[in-house]
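Right, one structure below, let's go through it.
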Amino acid sequence: MEARTDVTNLELANLERSLKTLNIETYRARQIYHWIHRRGVTAFDGMTNLSRQLRNDLASRYKVSTPVITERQTSSDGTIKFALQLTDGHQIESVFIPETPRKTFCLSTQVGCAMQCTFCLTGKMGIIRNLLAGEIVSQVRVLTRELDLFGQPFNIVLMGMGEPLHNYDNTMQALRMLTCSYGQAVPLRRITLSTVGVLPALQRLASEPTMPNLAVSLHGTTEVQRNQLVPINRKYGLKELIAVCQSFPLKRRSRITFEYVLIKNVNDSEDDARRLVKILSGMKAKVNVIPLNTASGIPFERPSQERINRFGKILARHQLTVSVRKSRGHDIRAACGQLMLENEQQRPLQQPKGRIKGLNN
């Protein structure tokens, strides 16, 4: 028997072409897309505006792969972390942050991460595999269904497990699917992609018609600091990263967010703050200062509140837009840098098949 095509991994145009080869009207693709992505239906049998015969025919040729929630933890601050099992048995974590009036989904793009940032537990897992576009998108539809949020506006941040630009093609396909008017129809202004600076992929992103908000994980103000904290800096240095950011095309009212994890006695000095001001001088930038989220296995400490405040005030005095991020979900290990699955860490590491655009070129 011929393997069934996973319909959740098809963009609308691809689904239309696939149906056309079966002599099925292409408008049916829009109905199927709506049922899966807007209504959260996980089987063709639930698509009640399709005939019974058509539903049977579709089920014989296609499948609707859907991750399964294996664990749900709720923080004292209302943040919810989900462990999701994929169809091949691997697991990822996704986070829901119920800020009012903005609700936010934090999505993963890989099982594990190859970037090995020294303050991040996910990096300690290594890279196991890339997520397919449908698996990235499915996190939204599973969590939306679980939390009964269909029809409500929400934000998306690609800041979970993995480096989005290390999984470039699947990430960009997922963005096109998430913004499709027959699917979740999430406005691009509500989506933020976070990267540590995979420069070839970041340069490629600059020419994309589908352009999310950009957040660059900086974390250091010298090459030595960044080499220690973000090992990919040894390949794509701080100077080169800032040059790409300076030339990055931005809409008139847009700016790049620079994320800066503040670590005690590593990058939290007044000199660091002044160097950061100099680095970002003249750029349309915002700085998110993120006091380190400590955890077993992270060999650093969080600065005192006094040092955190002093760092932020120096940036603000020099007319930088700055916010000090409040830690959300720390008690359930759902905060920035804390996502890690123990059972995945035990698995043998696998390099994703094929060349990964942005890291291998």
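The values are calculated or read from the model by the stated rules, or taken from the named source; none is laboratory data. Just so it is clear, the structure is predicted and the values come from calculations on it, not from any experiment. For neighbour counting, all protein chains shown are included, and Cβ atoms are generated from backbone atoms with ideal geometry for every residue, glycine included.
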| field | Given (1) hydroxyl-bearing (Ser, Thr, Tyr); (2) crowded, with 19+ Cβ neighbours inside 10 Å; (3) out of contact with any Lys or Arg (no Cβ under 6 Å at 6 or more places or on another chain); (4) assigned to a loop (DSSP other than H, G, I, E, B), number of the condition Thr221 does not satisfy | value | (3)
| request: Mind listing whichever residues of segment 164-213 are assigned to a loop (DSSP other than H, G, I, E, B), within 23 Å of Glu240 (Cα to Cα) and small (Gly, Ala, Ser)? | output: Gly197, Ala206, Ser207
| said: Please list, ordered by residue number, the strands (runs of 3 or more DSSP E) wholly in segment 40-138 having 2 or more residues that are buried (at least 16 other Cβ atoms within 10 Å of the Cβ) and touching a residue at least 60 places away in the same chain (Cβ under 8 Å). | reply: 80-85, 91-97, 110-112, 127-130
| Criterion (surrounded by fewer than 22 Cβ atoms within 10 Å (Cβ to Cβ) and over 23 Å from Asn293 (Cβ atoms)) met by exactly one of Thr171, Thr179 | Thr179
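Test Arg234 against the stated conditions and say whether it is of a type in the set (Lys, Arg), crowded, with 16+ Cβ neighbours inside 10 Å and out of contact with any Cys (no Cβ under 6 Å at 6 or more places or on another chain).
Values: of a type in the set (Lys, Arg): yes; crowded, with 16+ Cβ neighbours inside 10 Å: no; out of contact with any Cys (no Cβ under 6 Å at 6 or more places or on another chain): yes.
Judged against the criteria, Arg234 is not a match.
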| message | Condition first: more than 19 Å from Leu241 (Cβ to Cβ) and at pLDDT below 95. Now tell me which residues in segment 263-295 satisfy that. | response | Pro291, Leu292, Asn293, Thr294, Ala295
| task | Specify the residue that is farthest from Cys113 (Cα to Cα); the eligible residues are those in segment 224-248 that are free of Cβ contacts under 8 Å to residues at least 60 places away in the same chain and outside any helix (DSSP H, G or I). | result | Ser247
| message | of a type in the set (Gly, Ala, Ser) and closer than 22 Å to Ala13 by Cβ: is that true of Ala29 in this structure? | response | yes
| task | Those residues that are within 20 Å of Ser108 (Cβ to Cβ) and among the hydrophobic types (A, V, I, L, M, F, W, C), I need them from segment 189-203; list them, please. | result | Ile191, Leu193, Val196, Val198, Ala201, Leu202
